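J.: The structure that follows is given in the form of structure tokens.
The values are calculated or read from the model by the stated rules, or taken from the named source; none is laboratory data. Predicted model only: the values in this text are computed from it and were never measured. Cβ coordinates were reconstructed from backbone atoms using ideal geometry, including for glycine residues, and neighbour counts include every protein chain displayed. Please note that ligands, DNA and RNA were not included when accessible areas were found on the heavy atoms of the full protein model with its side chains. Shrake-Rupley method; radii C 1.70, N 1.55, O 1.52, S 1.80 Å.
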Amino acid sequence: MVVFKYFYLSQINSFKAHILRYNQSLLCLFLLKQYSFLYISPQRRENTSAYLNAMTHPCVKVLGHCDNPAFPVDYETLAVGAKENGVIFEINEASLAPYGYRGDTRANNQEILKYCMKYEIPIVLSSDSHGGGHIGDFTCAAEFVHEMMFPEKMILNNDIPRLKMILSER
């Protein structure tokens, strides 16, 4: 098993945006190039469309929290859109850890990884720590991607220069 390297957000210089509506409205809340839901819709088509529209924005580089079962999406369509737009997926520790609050996200994360492998889209593992206790810890996420036999070369935590390059493109 590869030892995953921790990295600091200050080295990545990025921002986080939350989808507010499915018509491409964005609110940039703080720095972390990631895209995640505050609230959209229980409708798969609308949520998928929101992500696809967001991916066209040049600042969106990482799709985060798209494993949330409360907001269904079409993962293959998302993967195709991500590939076309140079966007990567985040696999979130807080979603897969026993203390997670999003419910059972394993099936959704399996779908994400399946389509990332199919379309050769790299991923990044994230702690999604909202407090000091889990910063930089993505133990459950790392175990999950290994269980799914996700290729090491596609896990960008193992190649910080490549991650920085991807985040600087577009």
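J.: Taking residue 133 and the conditions (1) modelled with pLDDT under 80; (2) open to solvent by less than 40 Å² (accessible area, probe 1.4 Å), which numbered condition does it fall short on, given that it satisfies the others?
T.: The one condition residue 133 does not meet is (2).
J.: I've got another one for you. So, in the stretch 117-131, exactly how many residues are over 14 Å from the mean Cα position of the chain (by Cα) and either in contact (Cβ under 8 Å) with a residue 60 or more places away in the chain or under 15 Å from residue 148 (Cβ atoms) (or both)?
T.: Total meeting the criteria: 2.
J.: Kindly indicate which of 101, 115 is open to solvent by 10 Å² or more (accessible area, probe 1.4 Å) and in a helix (DSSP H, G or I).
T.: Values: 101 fails: in a helix (DSSP H, G or I).
It is 115.
J.: Just to check your reading of the model, which residue among 147, 143, 169, 152 is on the phi < 0 side of the Ramachandran plot, acidic (Asp, Glu) and touching a Leu at 6+ places or on another chain (Cβ under 9 Å)? Steps first, answer last, please.
T.: Numbers: 147 fails: touching a Leu at 6+ places or on another chain (Cβ under 9 Å); 169 fails: touching a Leu at 6+ places or on another chain (Cβ under 9 Å); 152 fails: touching a Leu at 6+ places or on another chain (Cβ under 9 Å).
Selected residue: 143, the only one of 147, 143, 169, 152 that is on the phi < 0 side of the Ramachandran plot, acidic (Asp, Glu) and touching a Leu at 6+ places or on another chain (Cβ under 9 Å).
J.: Pairs, please: C-beta under 8 Å, at least 6 apart or cross-chain, first residue within 20 Å of residue 62 (Cα to Cα) and in the stretch 89-116, second assigned to a loop (DSSP other than H, G, I, E, B) and among the hydroxyl-bearing types (Ser, Thr, Tyr)?
T.: What qualifies is 92/105; 93/127; 93/129; 94/101; 94/127; 94/129; 95/105; 96/105.
J.: For the stretch 113-168, how many residues are out of contact with any Phe, Trp or Tyr (no Cβ under 8 Å at 6 or more places or on another chain), small (Gly, Ala, Ser) and within 19 Å of residue 82 (Cα to Cα)?
T.: 1
J.: Would you mind finding the one in 154, 165, 148 that is within 22 Å of residue 74 (Cβ to Cβ) and more than 15 Å from the chain's Cα centre (by Cα)? Working first, answer last.
T.: Numbers: 154 fails: more than 15 Å from the chain's Cα centre (by Cα); 165 fails: within 22 Å of residue 74 (Cβ to Cβ).
The conditions single out 148.
J.: Which of the residues belonging to the stretch 64-88 are open to solvent by 10 Å² or more (accessible area, probe 1.4 Å) and not in a loop (DSSP other than H, G, I, E, B)? Explain how you work it out, then say what you get.
T.: The first filter runs over the stretch 64-88 and keeps only residues open to solvent by 10 Å² or more (accessible area, probe 1.4 Å), leaving 65, 68-72, 74-77, 80, 83-86.
The answer is 75, 76, 77, 80, 83, 84, 85.
J.: Here's a follow-up. Looking at the stretch 144-170, which of its residues are open to solvent by less than 50 Å² (accessible area, probe 1.4 Å), over 18 Å from residue 62 (Cα atoms) and not in a loop (DSSP other than H, G, I, E, B)?
T.: Hits for the stretch 144-170 are 144, 146.
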